[in-house]
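Notes for the one structure printed next.
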Amino acid sequence: MGIGEAGDVDAFNVSGTDLVVSIDEIRVGETVYTLTQVTDIQFQVEGYDGMVDPEGYALKSRYSRTSGLLNGMNNYLNFTFGGEKQEWQFYLVDPEHVQQLGALFKEFYAKRIPFVERSATSSRTYLFAPVSREKWEDLMIENGYL
């Protein structure tokens, strides 16, 4: 699944490097990180370009046409490979890209691939909804992932 195909987006400077994540590997451009050698996977997902900011921290200006809207670029994938921490920012274009990312999360849960999903302001989410550690564990059990 490509989670951050990048290009020019309005006035933003977005990298042309593709970030592709699957249940087998993380590929950043030509570099491949085999998931069996990756640890501490964390996704921080703020939202997609043009999404109304549910947390209310997006710049609010009555002079901006994008006031209160997210730009889709405050999303990060962090992991450790070979003892070195990696951090990659990715762009979510629209709700469909978020749905694809959610499908990847479900695959990770089903395959018991250890990872953490977070929002920009929450310590933990489950399929993008903020949850406590206890609620996350309950949902994992309910869905057969633990």
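A few remarks follow.
- Hey, PRO114 without any contact (Cβ under 8 Å) to a residue 40 or more places away in the chain and surrounded by fewer than 17 Cβ atoms within 10 Å (Cβ to Cβ) or not: no
- Tally of residues being modelled with pLDDT of 90 or more and in a loop (DSSP other than H, G, I, E, B) across segment 1-28: 3
- Test: residue in segment 120-133 that is closer than 25 Å to ASP53 by Cα, in contact (Cβ under 8 Å) with a residue 24 or more places away in the chain, touching a Gly at 6+ places or on another chain (Cβ under 8 Å) and hydroxyl-bearing (Ser, Thr, Tyr): no
- Within segment 29-53, the only residue that satisfies the criterion of being in contact with a Lys or Arg (Cβ under 8 Å, 6 or more places away or on another chain), among the hydrophobic types (A, V, I, L, M, F, W, C) and either part of a loop (DSSP other than H, G, I, E, B) or farther than 22 Å from SER119 by Cβ (or both) is VAL45.
- Scanning segment 98-136 for residues that are within 14 Å of the chain's Cα centre (by Cα) and basic (Lys, Arg) yields LYS106, ARG118, ARG124.
The values are calculated or read from the model by the stated rules, or taken from the named source; none is laboratory data. This one's a predicted model, so the numbers in the text were calculated from it and none came from an experiment. Please note: Cβ atoms are built from the backbone with ideal geometry, for glycine as well, and neighbour counts cover all protein chains shown.
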